Every structure is written in C-alpha cells, then in structure tokens.
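Below is one structure, written out as structure tokens, with a few remarks after it.
Quick note: the coordinates plus some simple rules give every number you see, no bench work behind them. Just so it is clear, the model here is predicted, and its values are computed rather than measured. Cβ placement follows ideal geometry from the backbone for every residue including glycine, while neighbour counts extend to all protein chains displayed.
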C-alpha cells in the first residue's frame, strides 16, 4: 500500500518496505502506550484493505499532543465506503471506550477523497487550526476538521 504512488499522492512520496515496517512498529507501540492506534482493515475474506484509527500526535506536532483520526486504503478498496465505515467505528471507540471529548482530522486542500470521508462523518471544519509545516523537502498546508461526541 505504501509503495503505491496513487495511494501515497497526498504524502508526496512512497515508502520503502523498511519505512512501512517502521510505521507499523510505531502504531503497535502507540497502542501499547496509549490504548489507541491505527487498526488494520480487512475484507470479510481476510484481504488487507488498509488502516484507520486514532493516534496521539507528538508534542512537537503543530497541533500539539491532540488525538487525530486517519485512514489509508489500498487503491482497489477505494469507493466502497470502507474508510467511512471504519473511521466511524474508530470515532465510536474514541468517544465511548476512550472517552475523548474531541478528535482532529487533517488533510491537504487537494485531497478531496479524504475531505469527502470527513463530510460523511459529519466532522466540522476549523480553519483557525489549519497549519503549515515543512517536511521531506516540501511545505505542507493542512486543513483541520473536528469530531466531537454526539450529544444525548
């Protein structure tokens, strides 16, 4: 998945197997430390489709140590509603089991597919939290959305 340029277009470059494995190790450690992380998505037949879930952003992140939801799917899984369904389950876990009061999501202005998922999840845009950062020789401008638990 991380080696597919189409899947990684919002990131700007693909990952080597070692980089992808390092990311997986970071997710496993995050779950061990924080009780939350990205979840692997599989079809009913056990085929790997990608991941979704919440993660604690590091203190040095432009948004600070906030909980963030994210997703990435293999190309063949696009367009079937998997990202929305899995992200909704992640938010239910975040607001139920973990008892968070807020989860952030962010993406580039050009990533319309992720923005569509955010809209289907009923996240709210918060332009006051948009941020820009430089990494891997590029400057990234990120648009921020906010999820909060539904009121009873």
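For this structure, a couple of remarks:
- Cβ crowding within 10 Å ranks 68, 19 as 19, 68, fewest other Cβ atoms first.
- Least to most buried among 51, 80 (fewest other Cβ within 10 Å first): 80, 51
- Rounded, prolate or oblate (a/c below 1.5 giving rounded, otherwise prolate when a/b exceeds b/c) for segment 17-147 by Cα gyration tensor: rounded
- Net length gained if the chain between residue 124 and residue 31 were fully extended (0.36 nm per residue, minus Cα distance): 30.8 nm
- Structural descriptor for the chain: relative contact order 17 percent, calculated from alpha carbon pairs under 8 angstrom and at least 6 residues apart.
- Calculated mean residue ellipticity at 222 nm for the chain: -8500 deg cm²/dmol, from DSSP H runs with n ≥ 4 weighted as -39500 (n - 2.57), summed, divided by the residue count and rounded to 500.
- For 133, 95, the sequence from fewest to most other C-beta atoms within 10 Å is 133, 95.
- Extension gain for residue 6-residue 76 works out to 24.1 nm (0.36 nm per residue, less the C-alpha to C-alpha distance).
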